[in-house]
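I have placed the structure first, in the form of structure tokens, so that the comments after it can refer back to it.
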Amino acid sequence: MRRAEYETQLNNLQNPYLRWIKKQEEKRIVADPETRKDAEKSVLSGASDQMACFRGKYEVFLLLGAKIADDAGTKIERALKNYHEGCLPDVIYGDEDVLDQNGRHDPWFKPDWSPDTLESLYYFGSLTLVKHEIVEKVKAEKGPLPYGSTDFLRECIFSAKTQLHIPEILSHGDGTDHTGYAEKPVGTTNELTDDKSFRVTAVILSKDHPELLETCVSSLRQSAELDRTNLSIVVVDNGSNDANTQQYRKLSEKYRFAYDRYESPFIYSALCNRGAENAGKTDFLLFLNDDVEVPENTVFLRKMAEKSGEEHVGAVGCKLLYPGAERIQHCGITLLRTGASHKLAGYTDDQEYYHGINRGMHNCFAVTGACLMVSREKFELVHGFDEKLAIAYTDVDLCASLLRKGLYNVCMCDFYLIHHESLSRRSDDISEAAFARLASERAYFEEKNAALIQNGDPWYSPNLTDTGLDYRVNVPDTEEEASVIGREDFSSVTLAEFNKLKSGHKKMRYSLENIRFCRSDACGREKYYEIRGWAFVSGRPGYEYDPFIAVKTADGEKVFPAVRYVRKDVPEVFASETDLLLSGFFLMIDEKLLPDGDKTEIQIGLLRRGLFSKYRGCRTGWITAQA
């Protein structure tokens, strides 16, 4: 690779938003040839005049320090094209980014109408259009609020009946998040004032894990006492052995819970419904895994119950962290290309992600059944869990049923519980039968909820990645664009050329980190082995050498080109070396080519084309790759 090529590739990988902007501009011009002319007119007429045509109906609010995007007026006009004059939305907002001496960066792609998110974050952002009559009403009723402030605008938004989100960049803000409201928003209720005025029943499924259950119920009881919550607990056991059954009965007496031993196959949905039936008269149902622990001095039941009791709210969940409280297990479920996914799963919780998505409260498509609260009335409204789903998608399907009733699901991330689910569990630990069941249940879920899925996740922008668990811009990265190598793929480097290379143990620095089997991934690739690591030649610029992998396949030894990807850690460790950001490599090989699976023997080689097209470089000896 030449230096210019290296810098171009690195720039593309490090600035995905600039690639996204270019892609969107090209898409608009192809779809509408007049778009460029309209945008140019907007620039010539000046941003201040762009909103002139809307001022007859709307007040235009631009927060201090923000600018209106050059083509914002055109984008708003296009979005309103299909609205009748008398049915225009009450409030309009869009996406934004930051524009300064460093160019355009830090895009903020927002959700559609999210009433609960608005309680903790003014996500409407820099530019908001509000109908005149709503503004006048709020001015009359909320006189003390400063006109045009985010508190004032928030009242306007909650007073509106219709809110339109335009998923395009309409303004350039300063990157500020507006959080921390003192008042409760308009239209919400706070009726649970008496300490014993409501009843919560926790439904916990458990089998042969009395030690886990004791940790769960003891910490839950302690939290309920601190919270002064009227808590009942129902434990459903689908067939523990005799010794553990005795343990459960003792725990039942010690922690005052109803114990229902009901020997049956593990069908999560049916067992949860049974627990709900056994709950008797209760206001709220809390479905909780037996491996969830409430941290000491954490109160959460009242918070979740108050939110669950609001008229517009469906299911309520919370942030779950793995043991050690360092990594996220759950902070809301999003619909991605792969299906329902736990955003930020596995990411550390020591920083704030994407405008506080792991800190405040936000609306989302679904919350996990590991900790899910719903009012008894709403649970019965959707007839509980669908028992045609045995294990997978049960919680997501319940949440989808609540959405279809016009309710909003909420994840509260201002507190957390500990979920002892294994952080290191590998996808290839799942049996073929379990994988087939998962596929079957996903197909049923998607058919049942086809209309919801077709419309996309309203609380997750289509401009964000539809494959990853982070919040990066939706442009394919190196790994998403890579292909699985099959029998028909051949390298430009022959095995003979590869074998002529000198052993590189002294000059070549490398690490083979893992090889793992993937049944399927977010990009639709299936049944392949992924080899991953990093390598470079000491004393030489990293871009001079391309990575190749020699593999002992079912057809003999073969050489394949690996794919480079960014590794920020390698240049940090080897600070004296140069241009190592693309020192990472990975390779995806069809499972049929590797008879020994994750114990395949491989060689790593770094090659550069010399004079007369001859390859030069170095390589390691054979290594037995293991997952």
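The values are calculated or read from the model by the stated rules, or taken from the named source; none is laboratory data. Only a predicted model underlies this, so the values are computations on that prediction, with no experimental measurement involved. Here the Cβ positions follow ideal geometry from the backbone for every residue, glycine too, while neighbour counts run over all protein chains shown.
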For this session: Would you confirm whether any residue within region 237-251 is out of contact with any Pro (no Cβ under 9 Å at 6 or more places or on another chain) and in a strand (DSSP E or B)?
Result: yes
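On the basis of being of a type in the set (K, R) and farther than 17 Å from M373 by Cβ, does R302 make the cut?
Numbers: of a type in the set (K, R): yes; farther than 17 Å from M373 by Cβ: no.
Taking the combined requirement at face value, the residue does not satisfy it.
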Problem set entry | Residue count for region 269-281, restricted to those that are surrounded by 21 or more Cβ atoms within 10 Å (Cβ to Cβ) and part of a loop (DSSP other than H, G, I, E, B) | 1
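Any idea how many residues of region 522-536 are among the hydrophobic types (A, V, I, L, M, F, W, C) and farther than 19 Å from V559 by Cα?
Keep residues of region 522-536 that are among the hydrophobic types (A, V, I, L, M, F, W, C), which gives 522-523, 531, 534-536.
Among the residues that remain, those that are also farther than 19 Å from V559 by Cα are: 522-523.
Going through region 522-536 one residue at a time, the tally reaches 2.
What are the residues in region 14-57 that are among the aliphatic types (A, V, I, L, M), modelled with pLDDT of 80 or more and more than 15 Å from E77 (Cβ to Cβ), if any? Step through it out loud before you land on a result.
Here is the first cut: in region 14-57, the ones among the aliphatic types (A, V, I, L, M) are 18, 21, 29-31, 39, 43-44, 47, 51-52.
In the following step, the residues that additionally are modelled with pLDDT of 80 or more were identified as 18, 21, 51-52.
Of everything in region 14-57, those that are among the aliphatic types (A, V, I, L, M), modelled with pLDDT of 80 or more and more than 15 Å from E77 (Cβ to Cβ) turn out to be L18, I21.
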Problem set entry | Near pairs, Cβ below 8 angstrom, 6+ apart or cross-chain, from region 144-169 (assigned by TED's automatic domain parsing to the domain that holds S120 and at positive phi) to any residue that is buried (at least 19 other Cβ atoms within 10 Å of the Cβ) and of a type in the set (K, R) | none
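Can you tell me which residue is surrounded by the fewest Cβ atoms within 10 Å (Cβ to Cβ) among those in region 129-173 that are assigned to a loop (DSSP other than H, G, I, E, B) and small (G, A, S)? I'd like the intermediate steps shown before the answer.
If we filter region 129-173 for residues that are assigned to a loop (DSSP other than H, G, I, E, B), which is where we start, we get 142-149, 160-162.
Next cut, small (G, A, S) only: 143, 148-149, 160.
Values: G143: 8, G148: 15, S149: 14, A160: 19.
So, considering only residues that are assigned to a loop (DSSP other than H, G, I, E, B) and small (G, A, S), the one surrounded by the fewest Cβ atoms within 10 Å (Cβ to Cβ) is G143.
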Exercise. Filtering region 419-454 down to residues that are among the polar types (S, T, N, Q) and either within 21 Å of D397 (Cβ to Cβ) or at pLDDT 80 or above (or both), which residue is surrounded by the fewest Cβ atoms within 10 Å (Cβ to Cβ)?
Worked result: Q454
Exercise. Has region 344-364 got at least one residue that is in contact (Cβ under 8 Å) with a residue 40 or more places away in the chain, in the same structural domain as S240 (by TED's automatic domain parsing) and under 30 Å from A270 (Cβ atoms)?
Worked result: yes
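Got at least one residue in region 257-269 being over 27 Å from L389 (Cα atoms) and either within 34 Å of the chain's Cα centre (by Cα) or at pLDDT 95 or above (or both)?
Of all residues in region 257-269, those over 27 Å from L389 (Cα atoms) come to 257.
Now narrow it down to the ones that are either within 34 Å of the chain's Cα centre (by Cα) or at pLDDT 95 or above (or both): 257.
Scanning region 257-269, I find at least one residue that is over 27 Å from L389 (Cα atoms) and either within 34 Å of the chain's Cα centre (by Cα) or at pLDDT 95 or above (or both), so the answer is yes.
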Exercise. Just checking, how many residues over region 455-482 are under 23 Å from N409 (Cα atoms), polar (S, T, N, Q) and not in a loop (DSSP other than H, G, I, E, B)?
Worked result: 1
